[in-house]
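Comments concern the structure below.
The values are calculated or read from the model by the stated rules, or taken from the named source; none is laboratory data. Note that the structure is predicted; figures quoted are calculated from it, not measured. Here the Cβ is made from the backbone with ideal geometry for all residues, glycine too, and neighbour counts use every protein chain on show. In case anyone asks, the SASA skips ligands and DNA or RNA and just uses the protein heavy atoms, side chains included. Shrake-Rupley method; radii C 1.70, N 1.55, O 1.52, S 1.80 Å.
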Amino acid sequence: MNSSVTGCKRIHSIEVEQLQDSEEVQHSFLLIKGRLEPKCSAAKQLKATLELRDESLEQLTQLSSAGEFKLLFDLHKGERERQEEPAVTSRACLLQLRSCSGSRLIRFTYKPRSSPYRVQPLYIVCQDEKEEEQEQEQEKEKNARSDHSARCSLIDLNLRLVQCIYAHKLHAAGFANRTFTLNGPCRLFRSQLTTEETLAKTEDELWQHFAGEILSCAQWGQQLHLKFVAFVACTRYDGAAVAASGDLSYANIRRHLRGHAALGGGGLALFGSAHFYSWPRAFAEIGDCVRSAERVDVARLPDESNYRRTYGGVYASTLGAVCHELGHCFDLGHTLNGVMGQGFDYLNRVLTVDQVTEHLPQRIVDQSYSSATLPAAGAAAGTNTRSRLTQLKLKQPSSQLLDNYHGQRRNDSFYFARNCAVILAHHRWLSPNPPSATETAAAIHLSKASREIVSSTPLRLVELRCNLNSLVAHYEELCAGDKQQQEHRFQLPASLWHLLAEQRTHYVFVLTASGDTKRLACDDAEAEAEAEADSH
């Protein structure tokens, strides 16, 4: 492509968000967002050339009507993608962008992220499943390989994209180089359940059982610095029954999925595998999968697209759900909008430009209870409730449509709310400088006498969350940058104390500057007071 456009005599520049000269990139997928300034009616494309070691990668992408563009590069190109421990070495990279008379040269360094706190992908197979299983009907349509290795590769690829999206969205919130570290390639985990037993369990029961198995196994059980994202291999969908019923609603499709889950909390995010038909199996397929308008035949394939009924919609909603449930593992509550609220369906908008505004049914926060959680170092104590988004409203008020338009133009509708971004930025699993594994966790308690939260280390953020669904009702962000302003105590306003102590409909979530988190309720405070009285 010639970088100039015949007849255009304007001087253009190429503006790039986030990636700056001399910056260090720590995740293997590089997402670049920018625009040609000023807008050029003659320029339709942008050429990008990435010099990566002794290899040169080129992309030609379309400019949107506003002159915007997005690029996605694989910085692992040419390396072994499934190695156990990738060498943490820096590599100099050179990115050149050209469109019309505009040109931009960015030099940056790629250094794979290293942290003791990591996320391990697992592919769960039942004890009676064979290594080479008969392919399900839904995947025959896509002519996909049925072996476990191919599934694990698919999981690895898409979790690297999730890792990139976390970094991209936290950078947009003002926190650079924040994302999670993958422990290594996806591993096969053989459950003691049979396929029949797995298909008979509810998603809550599946989460409980697999969390217990992981916790008790010799390979993973004692690694407290790992969180797990796992996919159930034997998920089944009875599309014939759905078609026969004539009920193509979201709720009915979910009723006919067995061995399926979409739950996250503590140390485990658990999912089914029924929607892999819409997921890319290679880096080159990502763009096509995101934009796919192919219609979903619900008589054969389960639709999880929030009624878009397209393969691209299914991919956006299901990978968005992975982002959402992983957020719960990183101690995030629910918000009204964004990734932890209504916005995770819009993951497609993170990777594309010039899409029409989408008006999707709103999701309703539902709840589920568990008697045990998979613990992990630094996790919020006493978190026995996992919330999820399972129901859908079928209508939106007309006033919401304009809000959707502005929200999707401004921030893709896929973003972490400010309180969520602060938690992630300081969380042990995402912080660029996590505390050492031997460092003592902060002592945090609720004082009923003074109505204060008291911590041995400086406080960073305090949230009031609803008991029923962990929806954040209020939050206070505390300054931790200036030592003179560091606060070890926070007094709850009377209105919040009323909800916490008198109505007891809410609990407090606390984040310290060192990344420690804790859930506090008045019952906890009373128990601590009784224990202290007994000790005297």
Complete set of residues in the range 18-55 that are in a loop (DSSP other than H, G, I, E, B), open to solvent by 70 Å² or more (accessible area, probe 1.4 Å) and closer than 27 Å to residue 166 by Cβ: 20, 21, 22, 53
Answer residue from the range 299-318, given it is of a type outside the set (Lys, Arg) and in contact (Cβ under 8 Å) with a residue 60 or more places away in the chain and is nearest to residue 272 (Cα to Cα) among those: 302
Residue match in the range 503-522 (condition: surrounded by 17 or more Cβ atoms within 10 Å (Cβ to Cβ), touching a strand residue (DSSP E or B) at 6+ places or on another chain (Cβ under 9 Å), aliphatic (A, V, I, L, M) and part of a loop (DSSP other than H, G, I, E, B)): yes
Qualifying residue in the range 258-277 (condition: over 19 Å from the mean Cα position of the chain (by Cα) and open to solvent by 20 Å² or more (accessible area, probe 1.4 Å)): yes
Residue check, residue 229 at pLDDT 95 or above and over 21 Å from residue 151 (Cβ atoms): no
Residue check for residue 58: assigned to a strand (DSSP E or B) and either open to solvent by 20 Å² or more (accessible area, probe 1.4 Å) or modelled with pLDDT under 90 (or both): yes
Extreme residue, surrounded by the most Cβ atoms within 10 Å (Cβ to Cβ), among residues of the range 340-355 that are in a helix (DSSP H, G or I) and among the aliphatic types (A, V, I, L, M): 350
Where a residue in the range 49-60 is farther than 19 Å from residue 24 by Cα and its partner, wherever it lies, is among the small types (Gly, Ala, Ser) and open to solvent by less than 30 Å² (accessible area, probe 1.4 Å), with Cβ under 6 Å and at least six apart: 59/48
Residues satisfying the stated conditions in the range 175-184, i.e. open to solvent by 10 Å² or more (accessible area, probe 1.4 Å) and either farther than 19 Å from residue 430 by Cα or part of a loop (DSSP other than H, G, I, E, B) (or both): 175, 176, 177, 178, 183, 184
Qualifying position, being part of a loop (DSSP other than H, G, I, E, B), surrounded by fewer than 19 Cβ atoms within 10 Å (Cβ to Cβ) and out of contact with any Pro (no Cβ under 6 Å at 6 or more places or on another chain), among 221, 212: 221
The range 224-261, residues that are part of a helix (DSSP H, G or I) and hydroxyl-bearing (Ser, Thr, Tyr): 245, 250
Residue within the range 467-481 that is surrounded by fewer than 13 Cβ atoms within 10 Å (Cβ to Cβ), under 24 Å from residue 176 (Cβ atoms) and acidic (Asp, Glu) present: no
